[in-house]
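Report on the structure given below.
Since every read-out is calculated from the coordinates, none of them should be taken as a lab result. Please read all numbers here as calculations on a predicted model, not as lab measurements. Don't worry about glycine lacking a Cβ; one is built from the backbone with ideal geometry, like all the others, and counts go over all protein chains shown.
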Amino acid sequence: MQYRRYVALGDSCAEGLDDPYPDGSSYRGWTDLTAAALAAADPSLQYANLAVRGRRLDQILAEQVPLAVAQRPDLVTLFGGGNDLLQYRSASTARSLDATVAALAEVARTVVLFTLPNIARLPGLHRLRPRVEEFNDLVAATAARYDAVLIDVREDPYCDDERLYGPDRLHLGAVGHQRVAGHLLDALGAPANPDWLAVLPPPTSDPLWRKASRQWAWLRHHVYPAVHGTVRNKLIGREPGDGFLPKRPHLAPVADLP
């Protein structure tokens, strides 16, 4: 199936963190990889990415959905919900997700939803496991209700493998974005780079001192700044993602990608 207008919505994962282009000019991520692969089959493909880091589903509904609907896409991907988990309210989250998918399904021939990887695997986040499981069940039920394509990342045997993630262990790294793009293209019946879904070699076992050093570096350079930033933003009434704009707000030829 060929597509002419592809619009991506969501949060940091759909924006492309932590998969920068080699020149560091912007983030690539699975959305850019998917658009490039689809354009290889049909160079006329137009692609927009409305995702903004830090956005919750209610913000995606209010800020991104109207822009997406106005562009009349025939393919839409929605990857979001991770930012809803810290202050999870099941009823309001369900309403936002349902309203978002309903609006997108009105205009797009194909709507794609994604479950979330288990962020409770990280130290200190174990209490989020029931929320992640409940949210993923909600995404699956919503996809079934609107006949959307579901990419269930939990089915990937490497979903919790740290090699798929960037330095903060939360956002996908280059390998993780490639795997998501591979799963999406496979679900769409489009050809993908076979390396993206290849079997990974067995992980190496680091000595204890190196594990401890890496853990300390992670706490110092990623966990502490994240906690500090969250507290500071709350004190000044700032929302995560405020000040950031979509990297590709309007449909444009894929050839324009870096």
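Seen from ALA39, the other residues with C-beta closer than 11 Å to its C-beta sum to a net charge of -2, counting Lys and Arg as +1 and Asp and Glu as -1. Taking other C-beta atoms within 10 angstrom as a stand-in for reagent exposure, HIS126, HIS250 fall in the order HIS126, HIS250, fewest first.
Using a Förster distance of 41 Å, how high is the FRET efficiency between ARG129 and ARG109, based on the Cβ-Cβ distance and rounded to 0.05? It comes to 0.70. Take the Cβ atoms of ALA102 and ARG163, set R0 to 41 Å, and the FRET efficiency comes out at 0.65. Provide the FRET efficiency to the nearest 0.05 for the LEU197-ARG121 pair, computing r from the beta carbons and using R0 = 25 Å. Approximately 0.75, to the nearest 0.05. Karplus-based coupling profile of segment 128-137, in residue order and whole Hz: 7, 4, x, 5, 4, 5, 5, 5, 5, 5, with θ = phi - 60° in 6.51 cos²θ - 1.76 cosθ + 1.60 and x standing for Gly or Pro.
The Cα center of segment 28-73 and the Cα center of segment 132-209 differ in position by 19 Å. Peptides 14-20, 196-202, ordered by how many other C-beta atoms sit within 10 Å of their residues on average, highest first, read 14-20, 196-202.
Distant-in-sequence amide contacts of ARG248, defined by a placed amide H-H separation under 5 Å and a gap of 5 or more residues or a different chain, comprise ASN49.
If every alpha-carbon in segment 2-41 counts as one equal scatterer, what log10 I(q)/I(0) does Debye give at q = 0.14, 0.16, 0.31, 0.34 1/Å? Values returned for q = 0.14, 0.16, 0.31, 0.34 Å⁻¹ are -0.33, -0.42, -1.04, -1.12.
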